[in-house]
Amino acid sequence: MTIKRQYTLPNCNLILEGMSGEDINNLAAPMTILLNAECQFPGTPTPLVGGRDFLEGLIQAVNPYAQSLLSGITTTRAKKGAAAVSLQPHEAGPYHRLSLAATDKTEDNPPVEVKLTTVQLFDLMEAVDQLLADSQTLPDLTLALAPVARRETLAQVPLAQQAAPIAVGDLWVGCRCCAPVLPTRARPRAHSHRRAA
C-alpha cells in the first residue's frame with residue numbers, strides 16, 4: 001500500500017509517495033522506500049518530479065544555498081558528484097533559479113528550470129526542514145552539516161576596503177594625540193558678597 005506524505009506551505013508543496021519496508025499494510029509504519037517525490041510552486045505550470053536522487057539533490061542544493069544567502073558568505077566548497085538539482089541566483093532581479101537536470105541528455109528533454117521568489121525559496125527550505133525532522137518519513141535521510149572553514153570562503157570585500165576604516169581611524173587617533181594642546185582661557189569667577197553681621 002502506498003504511503004503519502006505532504007509538506008504544505010503557502011508557496012511550496014512537497015509531496016512524497018512511498019512504501020514501508022516493514023509492514024506494507026500499516027499506514028502508520030515509517031516510509032522507508034521512496035517511489036516518487038514532487039515539488040510544486042504556485043504559479044508554476046509544471047512541478048519538479050523525481051525519485052530518491054532528485055530528493056537528495058534537492059536537500060543538498062537548498063540548504064547550502066539558503067545558508068549562504070542568509071549569512072552573506074559564499075563558499076568555494078565543491079558539490080559532491082554530478083548535481084541533479086542546482087540552485088543559483090537568477091540574473092533577472094531578486095530571484096533564484098532552481099534547475100533539475102534531465103536524466104537523458106537529449107534535445108527533446110532539456111533541464112527543467114523554475115524561477116523562485118525569495119518567499120518561495122524559504123518555504124521550500126521550511127518544507128525540506130520539516131521532512132528532515134519527520135522521523136516517520138525516510139528515517140535514513142539526513143543532511144550532513146559542517147561549518148565553513150575560512151579558507152573555503154570567497155572574500156566579499158576587497159582587503160583595501162577592509163583596511164581603509166582602520167587606517168582612517170588610526171590617522172584620526174594619531175592626529176588627536178600629536179595635536180598641540182591649546183591653552184584654554186580661564187573663566188572669571190563669580191564673586192559672592194558676604195554681609196557683615
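The values are calculated or read from the model by the stated rules, or taken from the named source; none is laboratory data. In this text, all values refer to a predicted model and were calculated from it rather than measured experimentally. Cβ atoms come from the backbone with ideal geometry, glycine included; neighbour counts cover every protein chain shown.
Could you go through the stretch 128-135 and let me know if any residue there is of a type in the set (Ser, Thr, Tyr), surrounded by fewer than 19 Cβ atoms within 10 Å (Cβ to Cβ) and at pLDDT 90 or above.
Yes - at least one qualifying residue is present in the stretch 128-135.
Inspect all residues belonging to the stretch 50-59 and state whether any of them is assigned to a strand (DSSP E or B) and either touching a residue at least 40 places away in the same chain (Cβ under 8 Å) or β-branched (Val, Ile, Thr) (or both).
Yes, there is a match, as at least one residue in the stretch 50-59 is assigned to a strand (DSSP E or B) and either touching a residue at least 40 places away in the same chain (Cβ under 8 Å) or β-branched (Val, Ile, Thr) (or both).
For the stretch 100-116: of the residues being over 23 Å from Gly43 (Cβ atoms) and of a type in the set (Asp, Glu), which is modelled with the highest pLDDT?
The qualifying residue modelled with the highest pLDDT is Asp108.
Test of understanding: among Leu55, Leu48, Leu69, which residue is modelled with pLDDT of 90 or more and farther than 23 Å from Ser135 by Cα?
Going through Leu55, Leu48, Leu69 in turn, the sole match is Leu48.
Kindly evaluate Val119 against the criterion of being under 26 Å from Ala133 (Cα atoms) and either aliphatic (A, V, I, L, M) or modelled with pLDDT of 85 or more (or both).
Yes, satisfied.
Can we say Asn26 is polar (S, T, N, Q) and more than 21 Å from the chain's Cα centre (by Cα)?
yes
Quick check on the stretch 150-161. Is at least one of its residues surrounded by fewer than 10 Cβ atoms within 10 Å (Cβ to Cβ), modelled with pLDDT of 65 or more and of a type outside the set (Phe, Trp, Tyr)?
Looking through the stretch 150-161, at least one residue is surrounded by fewer than 10 Cβ atoms within 10 Å (Cβ to Cβ), modelled with pLDDT of 65 or more and of a type outside the set (Phe, Trp, Tyr).
Here are some conditions: (1) of a type in the set (A, V, I, L, M, F, W, C); (2) part of a loop (DSSP other than H, G, I, E, B); (3) in contact with a strand residue (DSSP E or B) (Cβ under 7 Å, 6 or more places away or on another chain); (4) under 23 Å from Thr137 (Cβ atoms). Leu35 meets all but one. Which one does it not meet?
With respect to (1) of a type in the set (A, V, I, L, M, F, W, C); (2) part of a loop (DSSP other than H, G, I, E, B); (3) in contact with a strand residue (DSSP E or B) (Cβ under 7 Å, 6 or more places away or on another chain); (4) under 23 Å from Thr137 (Cβ atoms), Leu35 is out only on (2).
Would you mind finding the one in Arg77, Arg97 that is among the charged types (D, E, K, R), in a loop (DSSP other than H, G, I, E, B) and either modelled with pLDDT of 85 or more or touching a helix residue (DSSP H, G or I) at 6+ places or on another chain (Cβ under 7 Å) (or both)?
Going through Arg77, Arg97 in turn, the sole match is Arg77.
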